[in-house]
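To start, the structure under review is shown below, and the notes come after it.
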Amino acid sequence: MAPPIRTRAMSAGLSPSVAEAVWRAMIAMTRRIERAMALLRAGTSVTDACMAVGCTSLDSFSSRFTELLGETPSAYRAREHRAVPAMPPCVAKMHTRPTRSVPSRVRESGREAAA
């Protein structure tokens, strides 16, 4: 079982409230990226997908998308996604869910502060 947020926050040199706020922001952005992925697979433009999921900055949306998926939104949209429509939505969501491919900036800054 993973340690609670309070324990992780203290080991990273963060207050529990800051750690929880960062965690909530990461979860919210991941959900936005998931919705954007579905829109991009359907052929929506990157700008329209960005705005449709509630992001106001195309630059920050593209940066986060690339950080989570390892490819730009344009490259993801251009790629073929034939197998996804054949899957039930719950399976497609599970298999296309973004995962963090690079270490979190929060963890990195916490290590620097602790050093």
Worksheet item: Which value in nm describes the separation of the simple spin-label points at residue 63 and residue 80, placed 7 Å from the Cα toward the beta carbon?
Response: 3.5 nm
Item to complete: Output ³J(HN,Hα) for region 30-39: one whole-Hz value per residue in order, computed from phi by the Karplus curve 6.51 cos²θ - 1.76 cosθ + 1.60 with θ = phi - 60°, and x for Gly and Pro.
Response: 4, 5, 5, 5, 4, 5, 5, 4, 5, 5
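No lab work stands behind these numbers, since they all come straight from the coordinates. Every value quoted in this text rests on a predicted model; they were computed, and no experiment measured them. All Cβ positions, even for glycine, are placed from backbone atoms using ideal geometry, and neighbour counts span all protein chains on display.
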